[in-house]
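K.L.:
Below is one structure. I have some questions about it.
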Amino acid sequence: MRSSSRILALVSAVLACASFARAQSIYEKDYHFAVEEVGKACGALIAQKGIDWKAVDKELAPAAAAAASDQDHLVVLTRLLARLHDGHCEVLRTDKTKDLTWPSDGQGEKVGCGMFWCRVGKKIYVKTVWNNAESAGVERGWEVLAVAGVPVQKWLDQRIASLRDTLSFSTDNQAFFYACHRGLAEPTGSSVEYEFKDEKGAKKKRSVSFTKCNPAPWGPAVFPPDLKGTDDLNFGPLKSGFGYVHVRRCKDTLATQIDQALAAVGSAKGLILDFRGNSGGSFDHEDFMGRFVPKGTTLRGQAGVEYASTGEHPYTGPIVVIVDATIVSAGESGSGIFKEDGRGYMIGESPTAGMSSQKTEIALPSGLFKLFVSIGTNKGRFNGGKGIEGIGVIPNELVEFDPKDLSKGVDTLIAKAEALLAKFPQNSVPYRPPK
């Protein structure tokens with residue numbers, strides 16, 4: 001009996017030592033450090049977004065313990081950050097891992113097929129079509145029924161769940177819009193059969209191939225004709241007499257670029273600022289907004305914010321801003337100031353992505369990686385003091401696409417903006433244009 005007890009004690013000691021040795025692996029040590037430090041640094045946003053951080057740790061700890069290479073470690077840390085619901089978060093490589101690549105799935109580069117989708121009610125429709133999808137006979141305004149034999153809503157749910165394992169989305173809207181644009185990408189050379197329903201109710205099957213086609217969203221479903229452009233803007237007069245400016249990016253030159261646009265459309269009786277597809281950037285918000293304040297005056301926004309007039313030809317008329325969840329980061333704050341600070345009326349398919357935050361870096365003990373994470377929201381005065389991160393900028397009015405408009409090559413939201421400018425909802429906008 002004594003011998004058996006000694007054997008059991010020895011086995012227990014060996015197991016304890018093995019457990020201790022596993023806990024001391026460089027990857028597992030990094031992982032536990034990351035869980036603790038991210039929990040501290042991002043605690044306010046984790047609580048605001050309703051994330052169960054302990055459950056996240058329980059889910060991923062086994063994978064962290066099984067990591068056997070720097071590449072495995074990268075994947076585990078990426079999956080950990082994906083559960084922060086933080087569109088800006090990223091695992092940053094250091095000098096030790098600067099040449100490390102993401103593990104290959106053997107399928108090659110993923111590319112688009114020439115389609116973007118939108119949701120109308122509970123149905124999914126083709127919003128934009130070009131390139132391979134257009135060559136295959138797919139048309140704008142068709143309802144999407146199935147993808148490779150899978151009902152489209154089920155396919156989208158599965159695609160979003162798969163994407164979310166390694167990609168972090170600040171909101172459900174951002175995840176859905178990503179799936180309807182970039183998320184449609186497949187490996188180069190592949191082919192997928194889709195089932196549609198046309199405007200007359202007839203079912204159509206189309207096999208679409210995937211070659212070199214950019215799946216990144218670029219803006220409206222249909223651009224107005226004859227626009228001019230700068231690096232980051234497309235602009236011109238509309239047949240209705242209103243001006244149109246599409247803001248694709250928010251670089252530090254945005255204010256001077258908008259001067260060129262306003263020189264072309266600044267005499268219009270109403271202006272549409274379309275931020276859809278805006279990929280963010282960094283710019284002077286006050287200098288930019290000053291281009292929409294009458295000379296010699298100041299616009300007073302929320303929480304004591306003031307915008308002095310700037311630029312040679314500031315636009316002083318009514319403004320309608322168009323948004324959706326393809327707009328991220330600086331594009332959200334840039335479009336949001338028009339609504340939140342009372343300068344314009346905002347419409348959109350949905351709120352913006354909700355990906356606008358203050359960030360920090362957390363260095364891991366191994367020195368292999370740093371974690372780039374959000375620790376607070378930008379524009380804290382927005383949304384009744386809740387800011388943008390995890391919420392987005394919410395339009396004054398949600399507007400869905402009309403499939404009949406799409407089939408005719410009409411962007412429903414631009415048409416809606418023109419109708420609003422024709423009879424501007426002044427009661428919803430504090431700013432009063434000068435007579």
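K.L.:
Would you please name the residue that is surrounded by the fewest Cβ atoms within 10 Å (Cβ to Cβ), looking only at residues in the stretch 333-364 that are under 29 Å from GLY43 (Cβ atoms) and of a type in the set (D, E, K, R)?
P.N.:
Filtering first and then ranking leaves GLU361.
K.L.:
Now, a different point. On the given criteria, is THR256 more than 21 Å from TYR431 (Cβ to Cβ) and assigned by TED's automatic domain parsing to the domain that holds VAL323?
P.N.:
On the way: more than 21 Å from TYR431 (Cβ to Cβ): yes; assigned by TED's automatic domain parsing to the domain that holds VAL323: yes.
So THR256 fits the description; yes.
K.L.:
Somewhere in the stretch 12-28, is a residue modelled with pLDDT of 95 or more and charged (D, E, K, R)?
P.N.:
The answer is yes; a qualifying residue exists.
K.L.:
Give just the number: which of (1) surrounded by fewer than 19 Cβ atoms within 10 Å (Cβ to Cβ); (2) not assigned by TED's automatic domain parsing to the domain that holds GLY336 does GLU306 not satisfy?
P.N.:
With (1) surrounded by fewer than 19 Cβ atoms within 10 Å (Cβ to Cβ); (2) not assigned by TED's automatic domain parsing to the domain that holds GLY336 applied to GLU306, the lone miss is (2).
K.L.:
Is it the case that the stretch 261-279 has a residue that's under 23 Å from ILE394 (Cβ atoms), surrounded by 19 or more Cβ atoms within 10 Å (Cβ to Cβ) and among the aromatic types (Phe, Trp, Tyr)? Steps first, answer last, please.
P.N.:
Going through the stretch 261-279, the residues under 23 Å from ILE394 (Cβ atoms) turn out to be 270-279.
So of that shortlist, the ones also surrounded by 19 or more Cβ atoms within 10 Å (Cβ to Cβ) come out as 270-278.
Within this subset, residues satisfying the condition of being among the aromatic types (Phe, Trp, Tyr) are 275.
Yes: the stretch 261-279 contains one or more residues that are under 23 Å from ILE394 (Cβ atoms), surrounded by 19 or more Cβ atoms within 10 Å (Cβ to Cβ) and among the aromatic types (Phe, Trp, Tyr).
K.L.:
Separate question: Limited to the stretch 365-384, what total is found for residues that are over 21 Å from the mean Cα position of the chain (by Cα), assigned to a strand (DSSP E or B) and surrounded by fewer than 22 Cβ atoms within 10 Å (Cβ to Cβ)?
P.N.:
1
K.L.:
For residues that are exposed (fewer than 15 other Cβ atoms within 10 Å of the Cβ) and outside any helix (DSSP H, G or I), tally how many sit in the stretch 25-57.
P.N.:
Residues in the stretch 25-57 being exposed (fewer than 15 other Cβ atoms within 10 Å of the Cβ) and outside any helix (DSSP H, G or I): 2 in total.
K.L.:
If you take the residues of the stretch 148-173 that are outside any loop (DSSP other than H, G, I, E, B) and hydrophobic (A, V, I, L, M, F, W, C), which of them is farthest from the chain's Cα centre (by Cα)? Steps first, please.
P.N.:
Keep residues of the stretch 148-173 that are outside any loop (DSSP other than H, G, I, E, B), which gives 150-163, 172-173.
With the extra rule that they be hydrophobic (A, V, I, L, M, F, W, C), the set shrinks to 150, 152, 155-156, 160-161, 163.
Numbers: VAL150: 26, VAL152: 21, TRP155: 20, LEU156: 17, ILE160: 13, ALA161: 16, LEU163: 13 Å.
Only one residue fits best here, namely VAL150.
K.L.:
I'm trying to understand the selection: among the residues of the stretch 388-409, which are within 24 Å of the chain's Cα centre (by Cα) and more than 30 Å from ILE46 (Cα to Cα)? So that I can check it myself, show each step before the final result.
P.N.:
Pass one, the stretch 388-409, residues within 24 Å of the chain's Cα centre (by Cα): 388-403, 406.
Of everything in the stretch 388-409, those that are within 24 Å of the chain's Cα centre (by Cα) and more than 30 Å from ILE46 (Cα to Cα) turn out to be VAL399, GLU400, PHE401, ASP402, PRO403, LEU406.
K.L.:
Could you tell me how many of the residues in the stretch 152-182 are under 16 Å from GLU349 (Cβ atoms) and of a type outside the set (A, V, I, L, M, F, W, C)? So that I can check it myself, show each step before the final result.
P.N.:
Step one: of the stretch 152-182, the residues under 16 Å from GLU349 (Cβ atoms) are 156, 171-181.
Now drop any that are not of a type outside the set (A, V, I, L, M, F, W, C), which leaves 171-174, 178, 181.
Selection size over the stretch 152-182: 6.
K.L.:
With the requirement that a residue be in a loop (DSSP other than H, G, I, E, B) and more than 16 Å from ASN214 (Cβ to Cβ), what does the stretch 124-139 give you?
P.N.:
Within the stretch 124-139, ALA136, GLY137, VAL138, GLU139 meet the criteria.
K.L.:
Would you check which residues across the stretch 33-55 are closer than 16 Å to GLY380 by Cα and among the charged types (D, E, K, R) and list them?
P.N.:
LYS49, the sole residue that qualifies.
The values are calculated or read from the model by the stated rules, or taken from the named source; none is laboratory data. Bear in mind the structure is a predicted one, so any value in this text is a computation, not a measurement. Every residue, glycine among them, receives a Cβ derived from its backbone with ideal geometry; neighbour counts consider all protein chains shown.
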